[in-house]
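Below is one structure, written out as structure tokens; comments come after it.
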Amino acid sequence: MASTNEKNLPGYAAADVEKTSSNDAFEHGGQRKGSVVNAEVLTGEIYDHRYESTKRGLKSRHAQMIALGGTIGTGLFVGSGQTLARGGPAFILISYIFMAFLVWCIVTGITEVAAWLPTKGSSMNMFGYRYVSRSLGFAMGWLYWYSLGILVPYEITAAGLVIDFWNTPVNIAVWISIMMVIIVGLNALPVRFYGETEFWFASLKVFMMIGLLLLSFILFWGGGPRRERLGFRYWQHPGAANTYLEEGNTGRFLALLSTLVLSAFPFTFAPELLVATGGEMVSPRRNLPTAARRYFYRLIFFYVGCVIAIGVLAPSNDPALTDGGAGAGSSAFVVGIRNAGIHGLDSVINAGIIISAWSSGNSFLYLSSRSLYSLAVTGNAPSFFKACTKGGVPYRAVACSSLFCVLAYLNVGTSGSVVFNWLVNLTNTSGFISWICCAIVSLRFFKACEVQGITKDQLPYHNKWFQPWGSYVAIVGFVFLTLINGFNVFWPANWSVSSFLTAYIGIPIFLVIYFAHRIYAHNDPWAHDPASVDLHTGLEEIEAEEMPAPVYDKWYEKMRVVFE
């Protein structure tokens, strides 16, 4: 039990704090000059036993499938059509490969961090708080809360536009309300229900993507109703690369920059979902690395494979691609299916896209609520949001994050295309900032491990090919993308104050939050001393909960896991 003096240190909860393996965590001293709090002392708030906590209800199959398809939504199925129209098939392929590389650098880094100490309430803002500084954890947490919260109405809005594909007489506000109720309802249930619904939602998305890739392969060789071999004809006409804002090589360069920015959205906050599920996952030190390794195949097979497929199926100058208000009619897959003369399949794809939007909205609300819960656990948000049900649902955090859903009603009185692009730009900047911070957290974690003698072999997951240099590359890449996010607004024909603010408002918001906390915690160091970073508190508890990997005598016995 913590001593009275320890409990009175800044950063500690008022209640008694049990330390699972931290008897040696205070060897480096309890308190520095003034009111500076030692890094290991900060972990005290995480183990406040006055409150119920989240539960480990996500099974291995849940984790693997969420990693494969959890946040694949309308950004990939619908938004990729606009990206194709902007850059052409060559530039969208280059952009997705570049983004997949940078995201993989982030995934390998944050998995090393999260797999070492996947505590309850696990999130990148918690690790930023624990391994870098209180201010970074504070800023990251609030960034996640509002950015992920905004993505929920984005997915709801996009799903409503997809439904409009069928020209239903029902007002879109009705569909928005139905989807809101379902998404909020699923998040109000224990996490095992979230895991189960996401398992089947993600499975459907995976099967749909496999089907679309097979369809594009068949049409490539002329297997459609018209027996017309597509090949790479659209790379020839209208061409592999488009121009943007200017003509000639300058226009093609600007088209590539714009395509890079647009291609980031389908990847946004997907790696962070891995970390968040680690806090509610069974045997996270075993299952989290497995999910991360399979994430590589998701990046290559689904994202890169998707853009190769749409480059085959649809010409980049098809006017339907740029009309975001037509919902699924803007999907390059739907455009390609219609052009190939295949009847009825476009409606099937639309139904799948609606389910994808529901699934992504469900995941984003889960992430937003867990970010708020994590903020409360680390003392960066009111303790009011620590409260959980006996089933492990942080119900107050879920209720508060659900308030973002009402933003979806903006679509009722505003052009769907305007709302779509407004939300894309706003969340793009937040995604870039998040990944920059994730890379910084990874590097500080690596430094703390090095100083404290924790070798790479002791880590549950380590990618020797990509870390630590991958984190440095990711920082450079995402700083560049953050700066060019709204470069097109500086062209005289495109300039407007609202467009400029939409493209760049995320940067000053984050900096204001960070430096406001720096002023509040002015005696804290800019970063914790690597020698005093607490890499042990909670480790024994997590190791005690770990279960050995199941052994199957027959290969078909693995199939039973799907129905457990």
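The values are calculated or read from the model by the stated rules, or taken from the named source; none is laboratory data. Source: prediction; values computed, not measured. All Cβ positions, even for glycine, are placed from backbone atoms using ideal geometry, and neighbour counts span all protein chains on display. When the accessible area is computed, the model is the full protein with side chains, heavy atoms only, and any ligands, DNA or RNA have been set aside. Shrake-Rupley method; radii C 1.70, N 1.55, O 1.52, S 1.80 Å.
Number of residues in the stretch 119-131 that are among the aliphatic types (A, V, I, L, M) and either open to solvent by 10 Å² or more (accessible area, probe 1.4 Å) or closer than 20 Å to V473 by Cα (or both) equals 1. Of the residues making up the stretch 382-392, just one is at pLDDT 85 or above and part of a loop (DSSP other than H, G, I, E, B), namely P382. Pairs are defined by a Cβ separation below 8 Å, a sequence spacing of at least 6 or placement on different chains, a first member in the stretch 106-118 that is open to solvent by 10 Å² or more (accessible area, probe 1.4 Å), and a second member that is among the basic types (K, R) and at pLDDT below 90; the pairs so defined are W116/R285. Can you pull out the residues in the stretch 172-217 that are within 22 Å of S368 (Cβ to Cβ) and open to solvent by less than 10 Å² (accessible area, probe 1.4 Å)? Of everything in the stretch 172-217, those that are within 22 Å of S368 (Cβ to Cβ) and open to solvent by less than 10 Å² (accessible area, probe 1.4 Å) turn out to be I176, M179, I183, N187, V191, Y194, G195, E198, A202, K205.
Before we move on, is F217 of a type outside the set (S, T, Y) and at pLDDT below 85? I'd like the intermediate steps shown before the answer.
Working: of a type outside the set (S, T, Y): yes; at pLDDT below 85: no.
Taking the combined requirement at face value, the residue does not satisfy it.
Scan the stretch 272-313 for residues that are among the polar types (S, T, N, Q), open to solvent by less than 10 Å² (accessible area, probe 1.4 Å) and more than 26 Å from T74 (Cβ to Cβ) and the total you get is 2. Pairing each residue of the stretch 450-471 that is touching a residue at least 12 places away in the same chain (Cβ under 8 Å) and more than 19 Å from A291 (Cα to Cα) with any residue that is in a loop (DSSP other than H, G, I, E, B) and open to solvent by 70 Å² or more (accessible area, probe 1.4 Å), provided the two are 6+ apart or on different chains, yields C-beta distances under 9 Å for V451/D529.
So that you can scan it fast, the table gives a plain yes or no per residue for (1) more than 30 Å from F98 (Cα to Cα); (2) surrounded by fewer than 18 Cβ atoms within 10 Å (Cβ to Cβ):
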| residue | (1), (2) |
| --- | --- |
| V473 | no, yes |
| L481 | no, no |
| N485 | no, no |
| V497 | yes, yes |
| P508 | no, yes |
| W526 | yes, yes |
| A531 | yes, yes |
| A544 | yes, yes |
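Per-residue answers, yes or no, for (1) in contact with a Ser or Thr (Cβ under 6 Å, 6 or more places away or on another chain); (2) at pLDDT 85 or above; (3) of a type outside the set (F, W, Y); (4) in a helix (DSSP H, G or I):
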{"position": "F510", "(1), (2), (3), (4)": "no, yes, no, yes"}
{"position": "R518", "(1), (2), (3), (4)": "yes, yes, yes, yes"}
{"position": "M547", "(1), (2), (3), (4)": "yes, no, yes, no"}
{"position": "P550", "(1), (2), (3), (4)": "no, no, yes, no"}
{"position": "K558", "(1), (2), (3), (4)": "no, no, yes, yes"}
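Every residue, every condition in (1) at pLDDT 90 or above; (2) more than 25 Å from S331 (Cα to Cα); (3) open to solvent by 20 Å² or more (accessible area, probe 1.4 Å), yes or no:
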site: V41; (1), (2), (3): no, yes, no
site: H62; (1), (2), (3): no, yes, no
site: M65; (1), (2), (3): no, no, yes
site: G70; (1), (2), (3): no, no, no
site: Q82; (1), (2), (3): no, no, yes
site: G88; (1), (2), (3): no, no, no
site: I97; (1), (2), (3): yes, no, yes
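Listed here are the residues, each with its yes/no results for (1) without any contact (Cβ under 8 Å) to a residue 40 or more places away in the chain; (2) surrounded by fewer than 24 Cβ atoms within 10 Å (Cβ to Cβ).
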position	(1), (2)
S363	no, no
S369	no, no
L372	no, no
P382	yes, yes
T389	no, yes
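Of everything in the stretch 394-431 that's at pLDDT 85 or above and aliphatic (A, V, I, L, M), which residue is most open to solvent (accessible area, probe 1.4 Å)? Looking at residues that are at pLDDT 85 or above and aliphatic (A, V, I, L, M), I get L403. So how many residues does the stretch 219-253 have that are in a helix (DSSP H, G or I) and open to solvent by 60 Å² or more (accessible area, probe 1.4 Å)? Adding up the residues that qualify gives 8.
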